[in-house]
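Heads up: the structure comes next, in structure tokens.
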Amino acid sequence: MCTNSGLAWTSSPLSHSLCYLQTTTEREQIVLLSVLGVPHATLRQSLTALGANGTILDQYSSTDIHHSLGGAGHESALHDTHPKGPDHSGHVTGERGERQLDVEMENLNLKEIKGDAIKVGKLLVRSQRTKGSKQWEILRDSGSAGEWRATAATIVAEYNGYTFGLYDNTNGNIVETVTLAGTYRTSVQIDDESLFDKKYCFHLNTGHQGTLYFTVDSADDRNAWLSALKTVTQPEIFGPVALGTPLYFRAVRMFWIRVTEAKDLAPASYYCSVLLDDMVRAKTPIRLGTNGNNCPFWKEEFLFTDLATFYSGVAIGLYTTSKGRKDVLAGQAIVPIPTLRRGEAYEGWYPVLGTLGGSQFQPEASASGILRAQTPINHQGPADSGHQPTLVPVGSLRLKLRYDEIVVLPSAKYQPLLALLVDYRNNLIFDLATVTKNVEWLSETLLKIFLSKNLAAPWFDYLAVHEVSHTDDHNILFRGNSVLTKSLDAYMKIVGLSYVEETIGTLIRNICHYRVMCEVDPAKLPAGDDVAAQWKILLLYVRILWSSIEQSKPRCPSELRLIFSRLRKVIEDRFGHHADPNAVSTARYTCVSGFFFLRLICPAILSPKQYGLVKDNPEPKVHRTLTLLAKSVQCLANLSEFGAKEPHMFPMNEFVMENSAALMEFIDFIATESDDNGLHRPHMDSPPGSPRIQLLAERQNFQPPTAPYLVDLDKELAALAFFVTRHRAELQKLEPHAHHPPQVMTRLINECDQLNRITRACWASGLLESTQHPTIGPHMD
């Protein structure tokens, strides 16, 4: 219950919300709202909306609120860990990417760097203190306990290649120098957030110098470093293939896995590690058996791209963990990569093998002993009779996985195809969309191609004009799954995830953490529950949610503001002379809010795990709370009220009416292109990456992915060429009714046929570990 002297939290999941209903002072209202993690400006607005005096905030500092919550220990449980800047030794801490990299660069005498520096920046490197001293050393093992150390980093061009250097930010001394000659692009990899519980991590596998792990503040910073490092390292090349003129090619590998559940285990707490070539790349959360059995459930998905040739293969390590004791590797399930058909999904129970008698498990020995014979239990395959006799089954893991390996030709081979595609006025895109069941895959592939050539803005313009010109009723605009809607969905996720995190992340995490359960449908409420009290809780949260969104408009990515402004102009040009000016005025808002809210904000509220806001899916009753919040915000975004279909939501109409004007003001702002002051220039209107690195990339026969989006253009073109060849018969039938001149489709099909003939010759050369021609997979159909 709540008292005037402070808050005493009960064990009820709704205690911190119900506390609001019991408060008698405005101070306690402030304390409650502070639990939600919102700033003072938002608190003042929310309190005013609730009828409280917002000026009371000026009488209480954040320290007062902190003490009301019960001290430091309690505060840390209520909020995300706040970032700490570097201390005097240069160490930086913080969780979930909310740290500030503030490396003191003035101590570094960069003039002493020999050679031509093509990139200088800030990186946090994983490190540990040397025992008995204030010195520190770089950690080269992801499993060791460590911390993140702020450093300055450089990539320097020298007479014999490139070097990567790390400098101590406190004294400017060189910490590590890596000669990049002979290093492959595939040695530079993005790390899954689960590995260190941090976003924006990546590593450089230097070979004899071990693996260096880094983190930065944003996806843009990470991608800039990845692009630079992949530009100055070399692609993994295969060849020559005898095709008249000797031809070389590269292979792009991707591995996706879902670790679903385990069974037949001894009682314990378990988690899994995903190992690629004996290197831990991702981890599941710790789980106990469910419903009293020993079947932990995870359903965690991981994707690894741009992989090197496999040597040891893929293993899933199953670990037991207990408080105060070192984690123990119970056993491993081995994924037989050589037996997998490229591009096809496999799902089944994979045996987990451990050592007899619980002796120390040797992962390398077990992997080599069972790799060739192990297959899913419910799939056909030869029985394993040759594994080591000391290995015994300790359980099974249910896995779903997919391995892709795509042959990619030199960049010059794709230039004719690229020229056809970027000339979007030939309307080929719309015909390609008619022959696939998965417009999402096609749209995302095309988006990446246009992003890599800085043509996303005019491309979106053309898609919007095409879709609007074929629609007479503005009320049904952008409702279907078209190339425009799917492309813009993907684009908003690319450029808007950080914005979503900053805007609603803390609130959503706290709702999930405190298990806020709110139900306003009397038919679903338990007998005796007060629906009026539930409404007071829901209105409190929806006001705070909307306030957080409304105040975020200056932070709306300039890329989205540019697209929204052009989208609105297309609507005005098409329906500006409509007989009903009020309807056109409404369409000016709903055409933008339909994308921003329906396809970005509300999906993030409903599926916070998919958007990186939380680590686990909310439990059902908490998800119901999020559903009500999303439904309420979406109703506001539609500039409509709840009707007879949902009479229990009528009380929310007051909130909608109160905030409709603010909603239109918000849309007006985010649908106005930001001033081009050089500070917020959209990526799509500026060269991707630094000009120097971009120039180096363009000179290479096998062009690397470029910042800020890390698009592997040649890989996307290779996949699209295969798609066209696969659907050539359907595309040829479309010609009499096509949007394009007949000769354009013929050129497209002929070009893709030629590319795929060369690609098949590369597969048939036997230079890769598998000679079967891959399928790109059912997701392209």
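The values are calculated or read from the model by the stated rules, or taken from the named source; none is laboratory data. Source: prediction; values computed, not measured. Heads up, the Cβs are rebuilt from the backbone with ideal geometry, glycines too, and the neighbour counts pull from every protein chain shown.
Give the number of residues within segment 207-239 that are without any contact (Cβ under 8 Å) to a residue 60 or more places away in the chain and part of a strand (DSSP E or B).
Matching residues across segment 207-239 total 1.
Quick one: which residue in Ser552, Ser547 is touching a helix residue (DSSP H, G or I) at 6+ places or on another chain (Cβ under 7 Å), without any contact (Cβ under 8 Å) to a residue 60 or more places away in the chain and more than 25 Å from Arg479 (Cβ to Cβ)? Working first, answer last.
Details: Ser547 fails: without any contact (Cβ under 8 Å) to a residue 60 or more places away in the chain.
The unique qualifying residue is Ser552.
Checking the conditions here, which among Gln754, Gln732 is over 34 Å from the mean Cα position of the chain (by Cα) and modelled with pLDDT of 95 or more? Walk me through it before giving the result.
Details: Gln732 fails: modelled with pLDDT of 95 or more.
After applying the criteria, what remains is Gln754.
So that you can scan it fast, the table gives a plain yes or no per residue for (1) at pLDDT below 90; (2) among the aliphatic types (A, V, I, L, M); (3) more than 30 Å from Arg566 (Cβ to Cβ):
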{"site": "Asp473", "(1), (2), (3)": "yes, no, no"}
{"site": "Thr485", "(1), (2), (3)": "no, no, no"}
{"site": "Arg509", "(1), (2), (3)": "no, no, yes"}
{"site": "Arg515", "(1), (2), (3)": "no, no, yes"}
{"site": "Cys518", "(1), (2), (3)": "no, no, yes"}
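Which residue is farthest from Tyr709 (Cα to Cα), if the candidates are limited to segment 413-444 and must be buried (at least 21 other Cβ atoms within 10 Å of the Cβ) and among the hydroxyl-bearing types (Ser, Thr, Tyr)?
The residue in question is Tyr414.
Run down Phe702, Phe655, Phe669 and say which single residue is aromatic (Phe, Trp, Tyr), surrounded by fewer than 17 Cβ atoms within 10 Å (Cβ to Cβ) and at pLDDT 90 or above. So that I can check it myself, show each step before the final result.
Values: Phe702 fails: surrounded by fewer than 17 Cβ atoms within 10 Å (Cβ to Cβ); Phe655 fails: surrounded by fewer than 17 Cβ atoms within 10 Å (Cβ to Cβ).
Going through Phe702, Phe655, Phe669 in turn, just one is aromatic (Phe, Trp, Tyr), surrounded by fewer than 17 Cβ atoms within 10 Å (Cβ to Cβ) and at pLDDT 90 or above: Phe669.
Please identify the pairs in which a residue from segment 597-611 that is touching a residue at least 12 places away in the same chain (Cβ under 8 Å) and part of a helix (DSSP H, G or I) has its Cβ atom under 6 Å from the Cβ atom of a residue that is surrounded by fewer than 24 Cβ atoms within 10 Å (Cβ to Cβ) and of a type in the set (D, E, K, R), counting only partners at least 6 apart or on another chain.
Pairs that qualify, where the first residue is touching a residue at least 12 places away in the same chain (Cβ under 8 Å) and part of a helix (DSSP H, G or I) and the partner is surrounded by fewer than 24 Cβ atoms within 10 Å (Cβ to Cβ) and of a type in the set (D, E, K, R), are Arg599/Asp489.
Residues in segment 533-554 that are assigned to a helix (DSSP H, G or I), touching a Phe, Trp or Tyr at 6+ places or on another chain (Cβ under 9 Å) and not basic (Lys, Arg): how many? Steps first, please.
To start, the set of residues in segment 533-554 that are assigned to a helix (DSSP H, G or I) comprises 533-550, 553-554.
Subset that is touching a Phe, Trp or Tyr at 6+ places or on another chain (Cβ under 9 Å): 536-537, 539-540, 542-543, 546, 549-550, 553-554.
When the remaining residues are screened for being not basic (Lys, Arg), the result is 537, 539-540, 542, 546, 549-550, 554.
Result for segment 533-554: 8.
Which condition number in (1) outside the structural domain of Phe723 (by TED's automatic domain parsing); (2) crowded, with 20+ Cβ neighbours inside 10 Å is the one that Ala490 fails?
(2)
Looking at (1) more than 34 Å from the chain's Cα centre (by Cα); (2) modelled with pLDDT of 90 or more, can you tell me which one Gly528 breaks?
For Gly528, the exception is condition (2).
If we scan segment 248-257, do we find a residue that is assigned to a loop (DSSP other than H, G, I, E, B) and more than 26 Å from Ala764 (Cβ to Cβ)?
To start, the set of residues in segment 248-257 that are assigned to a loop (DSSP other than H, G, I, E, B) comprises none.
Looking through segment 248-257, none of the residues is assigned to a loop (DSSP other than H, G, I, E, B) and more than 26 Å from Ala764 (Cβ to Cβ).
Taking segment 572-599 only, how many residues are hydrophobic (A, V, I, L, M, F, W, C), modelled with pLDDT of 85 or more and over 17 Å from Phe669 (Cα atoms)? Give the derivation first.
Step one: of segment 572-599, the residues hydrophobic (A, V, I, L, M, F, W, C) are 575, 579, 583-584, 587, 591-592, 595-598.
Checking which are modelled with pLDDT of 85 or more leaves us with 591-592, 595-598.
Remaining after also requiring over 17 Å from Phe669 (Cα atoms): 598.
Qualifying residue count for the region: 1.
Would you please list the contacts, defined by Cβ atoms under 6 Å and residues six or more apart or on different chains, that run from a residue in segment 310-339 that is in the same structural domain as Arg258 (by TED's automatic domain parsing) and under 30 Å from Val252 (Cβ atoms) to a residue that is polar (S, T, N, Q) and outside any loop (DSSP other than H, G, I, E, B)?
Partner pairs satisfying both residue conditions: Ala315/Gln332; Gly317/Ser273; Gly317/Gln332; Gln332/Ser366.
Looking at segment 633-652, which of its residues are part of a helix (DSSP H, G or I) and surrounded by 14 or more Cβ atoms within 10 Å (Cβ to Cβ)?
At the first step, the residues of segment 633-652 found to be part of a helix (DSSP H, G or I) are 633-637, 647-649, 652.
Scanning segment 633-652 gives Val633, Gln634, Cys635, Leu636, Ala637, His648, Met649, Met652.
Yes or no: Asn427 outside the structural domain of Leu567 (by TED's automatic domain parsing) and at positive phi? Walk me through how you get there before you give the answer.
Details: outside the structural domain of Leu567 (by TED's automatic domain parsing): yes; at positive phi: yes.
Judged against the criteria, Asn427 is a match.
Can you tell me which residue in segment 322-346 is modelled with the highest pLDDT, limited to those that are closer than 25 Å to Leu768 by Cβ and among the charged types (D, E, K, R)?
Glu344
Considering only segment 277-302, how many residues are in a strand (DSSP E or B) and either in contact with a helix residue (DSSP H, G or I) (Cβ under 7 Å, 6 or more places away or on another chain) or at pLDDT 85 or above (or both)? I'd like the intermediate steps shown before the answer.
Our first condition is that a residue be in a strand (DSSP E or B); within segment 277-302, this holds for 279-283, 287, 289, 296-302.
Narrowing further to those that are either in contact with a helix residue (DSSP H, G or I) (Cβ under 7 Å, 6 or more places away or on another chain) or at pLDDT 85 or above (or both): 279-283, 287, 296-302.
So the count comes out to 13.
Tally up the residues in segment 225-266 that are among the aliphatic types (A, V, I, L, M), within 23 Å of the chain's Cα centre (by Cα) and farther than 30 Å from Gly395 by Cα, please. Please lay out each step first, then the result.
Pass one, segment 225-266, residues among the aliphatic types (A, V, I, L, M): 226, 228-229, 232, 237, 241-243, 247, 251-252, 254, 257, 259, 262, 265-266.
Within this subset, residues satisfying the condition of being within 23 Å of the chain's Cα centre (by Cα) are 226, 228-229, 252, 254, 257, 259.
Checking which are farther than 30 Å from Gly395 by Cα leaves us with 226, 228-229, 252.
Here the count works out to 4.
Condition check ((1) in contact with a helix residue (DSSP H, G or I) (Cβ under 9 Å, 6 or more places away or on another chain); (2) farther than 20 Å from Ala604 by Cβ) across all residues:
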site: Ser487; (1), (2): yes, no
site: Ile494; (1), (2): yes, no
site: Ser498; (1), (2): yes, no
site: Pro522; (1), (2): yes, yes
site: Leu525; (1), (2): yes, yes
site: Gly528; (1), (2): no, yes
site: Trp535; (1), (2): yes, yes
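Within segment 140-156, can one find any residue that is β-branched (Val, Ile, Thr), within 32 Å of the chain's Cα centre (by Cα) and closer than 15 Å to Thr211 by Cβ? Steps first, please.
As a first pass, look at segment 140-156 and keep what is β-branched (Val, Ile, Thr): 151, 154-156.
From the residues that got through so far, the ones that are within 32 Å of the chain's Cα centre (by Cα) too are 151, 154-156.
Going one step further and asking which of them are closer than 15 Å to Thr211 by Cβ, we end up with none.
No, segment 140-156 has no match at all.
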